[in-house]
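The next block holds one structure in the form of structure tokens; read it before the comments.
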């Protein structure tokens, strides 16, 4: 079953939010999902303890980096999708997770600093493909973006232009800065269970998440590589 790994040497770029949105969206379509929480702060494990976790979503806290391969291997035997949320640094755990992956997603925000750190992640993904002797498909994911492209900054547009010039795939759907996405971690549950009384622009957030899910599934089907 597909293994999707969230990768970035830089913390705070939205890896965990991206992982949770994707996992709960896949689950909303009836898929069984294992989220492997390999972040030392275990944000997904905390989310799982709140009310509203779907029965077809399992969260596995990964404490020992030496066990990541075995953890992923076991998870893909019991779920339709496995999503690995890595810590924000390069490590043996990250390398081993990539060796087991079908797709690596690199969340990135629209700043020069994020672009520099993302370049390291792209190199790590390429090296993992070399090590396993078959390319590892990967793509950048724009996170915390303004909801309207009219509000995209010059820096953000420059980052995207540089990625295109470098031949780095970028997922078409950018994950916008949404209160509903933040609310997943404060209220628990999923976007489907939220109400308009909980957060604003809920339908827009749901549409954004659904579009992102479809883009990721298309990447898995196409086997896109850089």
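The values are calculated or read from the model by the stated rules, or taken from the named source; none is laboratory data. For clarity, every value in this text was computed on a predicted model and none was experimentally measured. FYI the Cβ positions are ideal-geometry reconstructions off the backbone, even for glycines, and counts take in every protein chain you see.
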Requested in this report: Evaluate the following for residue 184: is it part of a helix (DSSP H, G or I) and touching a strand residue (DSSP E or B) at 6+ places or on another chain (Cβ under 9 Å)?
Outcome: no
Report task. Please tell me if residue 79 is out of contact with any helix residue (DSSP H, G or I) (no Cβ under 6 Å at 6 or more places or on another chain), surrounded by 20 or more Cβ atoms within 10 Å (Cβ to Cβ) and either touching a residue at least 60 places away in the same chain (Cβ under 8 Å) or over 18 Å from residue 128 (Cβ atoms) (or both). Result -> yes
**Report entry** Checking residue 40 against (1) out of contact with any strand residue (DSSP E or B) (no Cβ under 9 Å at 6 or more places or on another chain); (2) within 28 Å of residue 126 (Cα to Cα); (3) modelled with pLDDT of 95 or more, the condition it does not meet
**Finding:** (3)
Report task. Collect the residues in region 99-138 that are modelled with pLDDT of 85 or more, outside any loop (DSSP other than H, G, I, E, B) and in contact with a strand residue (DSSP E or B) (Cβ under 6 Å, 6 or more places away or on another chain), keeping them in residue-number order. Result -> 103, 104, 105, 106, 107, 108, 125, 138
Query raised in the report: Does any residue of region 47-67 turn out to be at pLDDT 95 or above, in contact with a strand residue (DSSP E or B) (Cβ under 6 Å, 6 or more places away or on another chain), farther than 28 Å from residue 127 by Cα and in a helix (DSSP H, G or I)?
Result: yes
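Yes/no per residue for (1) buried (at least 22 other Cβ atoms within 10 Å of the Cβ); (2) in contact with a helix residue (DSSP H, G or I) (Cβ under 9 Å, 6 or more places away or on another chain); (3) in contact (Cβ under 8 Å) with a residue 24 or more places away in the chain:
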position: 98; (1), (2), (3): yes, yes, yes
position: 111; (1), (2), (3): no, yes, yes
position: 117; (1), (2), (3): no, no, yes
position: 125; (1), (2), (3): yes, yes, yes
position: 129; (1), (2), (3): no, yes, yes
position: 132; (1), (2), (3): no, yes, yes
position: 140; (1), (2), (3): yes, yes, yes
position: 147; (1), (2), (3): no, yes, yes
position: 153; (1), (2), (3): no, no, yes
**Report entry** Residue that is modelled with the highest pLDDT, among those in region 155-181 that are in a helix (DSSP H, G or I) and surrounded by fewer than 17 Cβ atoms within 10 Å (Cβ to Cβ)
**Finding:** 179
